[in-house]
Amino acid sequence: MMRKTLLVATVAGCLAAVSQVARAGGELGSVRVAAGLNRPVEVTAAPGDTDRLFIVEQRGVIKILDLNTGLVLPTPFVDIDARVNNGYTGNGERGLLSMTFHPNYFVAGDPNEGHFFVHYNSNSGATVIERMKVTANANVADPNSALQILTFSQPFSNHNGGQIVFGPCDGYLYLAFGDGGLGNDPGNRSQNLNLFYGKLLRLDVDNSAAGDPYDIPPDNPFVGIDGRDEIWAYGLRNPWRVSFDRLNGDIFIGDVGQNAREEIDYQPASSSGGENYGWRCMEANRCTGLSGCTCFDDALTDPIHEFFIGADGRSITGGYVYRGCAMPSFQGQYFFGDFVSGRIWTFKQVNGVATELTRRDGDINPPDAGGIVNQIASFGEDAQGELYVVDRGGSTTGQVFRIVPESALPPPAGDPPVIVHAGENGALFSGYIDPRAESTNGVDLDMGLTEITVDFSKQIVTGECTLVDASAFALAVTGGSSPSIESIETCDNQRFVVKLDQPIPLQEWTTIIVSGVEDLQGHAIVSAGNQGPGANEDDRVDVGFLPCDVDQNGAVEPFDLLRFRQVVNNVFVPDQGAEELFVDTDRSGSTSPFDLLRFRQLINGLNPPATQAWTDATMNSPQP
């Protein structure tokens, strides 16, 4: 029940609400778009920039993911590591926490052209909001262009917030800050209207200049009365991720609880501000018994959603209302998660009430395309409204995943689960196994993989096969198992059957690398076998041999690897002379920009074959 009445309406300058789209049982998945990051905590895009995604690393570095190539650019967009507090290591809450672009970032001649804003803790621990400017190189900003917008000290190292984001309807800068830290807000700072702790601020930065970095919007709720004029809402504990519904301007706030409940707070676009979300006397809908306000007072605003701290999690991460195009059945659904448990949910806001609450991490975590989403530090939107999940990880293990419809995922059971290619001189081959495939071509994979067939022949080899010296080969397997090669049979030194001394359990994506195959100038496809029920010689998936030098110019080049992969995926046939690609990763029957993006990621080695799993449906033949 809402103690403060909330009226849901649109405001001038925003689009009118569209009719709700009924969900038709659409399923989700995720694909990894960036890995090897140093504690990423946010992703965002500049207004209208459909080519890039900006990744905020907590240490003080912002990187660019090129959405056309699928590669993280080697040169950071900006590096302010030297001025950022090092309290980001481990599970520290300080560092570079958020960035946002001015709405007129790409408006030529506008005073705010090229301006973006950052929120970080300085080396002294103070909160700092700065404005910076991009250089003539669109992929590089000038850290020395910084203009300080706001700064204030932090009494403790936790609960610093937060988020900075521009309102899509009013163009003002919103800033969310935590209560200053420790536990139970010992200074009752969140309810103190003379402090910025535990508040959502609203500033006019369009005319920011040295000595006068921001103005106060005249309709802020505390203008002319007691309280700081900058305050828009208060009573927050540790707001971790604040977002606007890009369709209508509604605000959603993920507020981390103390030790009992986590909450999502909501504010309709029609609000005139001044909401008190109740901390520290209220923790979501629970009375804490602490002073500062009156529990269940009509002046307080209840959360739109809460959950009890425990199995569901203990550190909520606010998300976004989906307004993209790739998943039409999820239009209007709010995605959010938990940093500790890795769980993800959606709900739909209807007249200030959360409806259709559904748990989604079964589809998204672990993802269907490499890695595991666990430390959910943030969700993010690209310029087209598609959603991403940020897995903070450690100094080299941070990842970003894109949430996609099931149709965009690698194909499930029924397709060959193992894909292999040789090195340029045939000295290395590796295979990827999809554990979702309960069986393939009659082979029971549930019992584990005990046999691998590698075929370098131009056609399936028949005839007598002989044993070779297994000690000349080496085997490496990801996922914790450590089998050895028991025996190897070869047919004319082109087809190798590798038998293992113990099964490889297929509990997660598994990479198999066998080295030692000499003097084979070609690529190959490996097949999966099994000693369990259903295994027989006819079930092998032998695709055949292709010379490394596809264009036969006397050299092995990246072009040849591209052509090889096209042949494997039935997207290019050399003897036809065709130059156009047909790449249909989402099985829609046509080639879309999404298909080409995923294919480029594969070709450009975003997921190196020797270290992580096959990540794209382009590794299988398109289906009508």
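The values are calculated or read from the model by the stated rules, or taken from the named source; none is laboratory data. Because the structure is a prediction, the values reported are computed rather than measured. Cβ: placed from backbone, ideal geometry, glycine included. Neighbour counts: every protein chain shown. Note: areas computed on protein heavy atoms with side chains; ligands, DNA, RNA excluded. Shrake-Rupley method; radii C 1.70, N 1.55, O 1.52, S 1.80 Å.
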>> Need one number: convex hull volume per residue for the stretch 222-283, Cα atoms only, in Å³.
In response: 89
> Hey, what's the per residue convex hull volume over the C-alpha atoms of the stretch 188-262, in cubic angstrom?
Replying inline: 126
>> I'd like the accessible area for Leu467: 1.4 Å probe, protein heavy atoms, all chains in place, Å² to the nearest 10.
In response: 120
> Using a 1.4 Å probe, what is the accessible area per residue for the stretch 218-263, in Å²?
Replying inline: 29
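Accessible area per residue for the stretch 40-152 in Å², computed with a 1.4 Å probe and the full protein assembly in place, what is it? Before the final figure, lay out the partial values.
Working: 3970 Å² over 113 residues.
With all protein chains present, the stretch 40-152 gives 35 Å² per residue.
Over every pair of different alpha-carbon atoms in the stretch 80-157, take the mean of 1/r and invert it; report that Kirkwood radius in Å. Mind showing how you got there, number by number?
Values: mean 1/r = 0.0749 Å⁻¹.
Hydrodynamic radius (Kirkwood, Cα only) of the stretch 80-157 equals 13.4 Å.
In debye, nearest 20: dipole of the stretch 69-202 around its Cα centre with unit charges on the Cβ of K, R (+) and D, E (-)?
Working: 7 positive and 10 negative charges, 42 e Å.
It works out to roughly 200 debye.
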> What does the charge count near Ser378 come to, summing +1 for each Lys or Arg and -1 for each Asp or Glu among other residues with Cβ under 10 Å from its Cβ?
Replying inline: 0
> Residue-wise, which Karplus ³J(HN,Hα) couplings in Hz belong to the stretch 311-318, taking 6.51 cos²θ - 1.76 cosθ + 1.60, θ = phi - 60°, and x for glycine or proline?
Replying inline: 4, 5, x, 8, 7, 5, 10, x
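Computed over the Cα atoms, what is the radius of gyration of the stretch 126-222 divided by 2.2 N^0.38 Å, N being its residue count? Display every interim value, and only then the final one.
Numbers: Rg = 15.1 Å, N = 97, 2.2 N^0.38 = 12.5 Å.
Here the Cα radius of gyration is 1.21 times the empirical estimate.
For Leu175, what is the net charge nearby, where nearby means another residue's Cβ is under 10 Å from its Cβ and Lys, Arg count +1, Asp, Glu -1?
Working: positive: Lys199, Arg202; negative: Glu230.
Neighbour charge sum, excluding Leu175 itself: +1.
So for the stretch 33-167, Kirkwood radius off the Cα pairs, Stokes-Einstein at 25 °C and 0.890 mPa s: how many µm² s⁻¹?
Numbers: Rh = 15.1 Å.
Translational D for this selection: 162 µm²/s.
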> Can you pull the percent of the stretch 161-215's accessible area that's carbon plus sulfur, 1.4 Å probe, other chains left in place?
Replying inline: 45
> For the stretch 146-216 and the stretch 24-90, what is the separation of their Cα centres, given in Å?
Replying inline: 23
>> Students often get this wrong: which residues of the stretch 166-202 have the backbone nitrogen under 19 Å from the point 7 angstrom along Cα-to-C-beta of Ile216?
In response: 172-177, 191-202
> If we sort 154-163, 282-291 on the protection proxy, mean other Cβ atoms within 10 Å, highest first, what's the order?
Replying inline: 154-163, 282-291
> So how do Trp240, Trp232 rank on accessible area, 1.4 Å probe, biggest first, that is with the largest at the start?
Replying inline: Trp240, Trp232
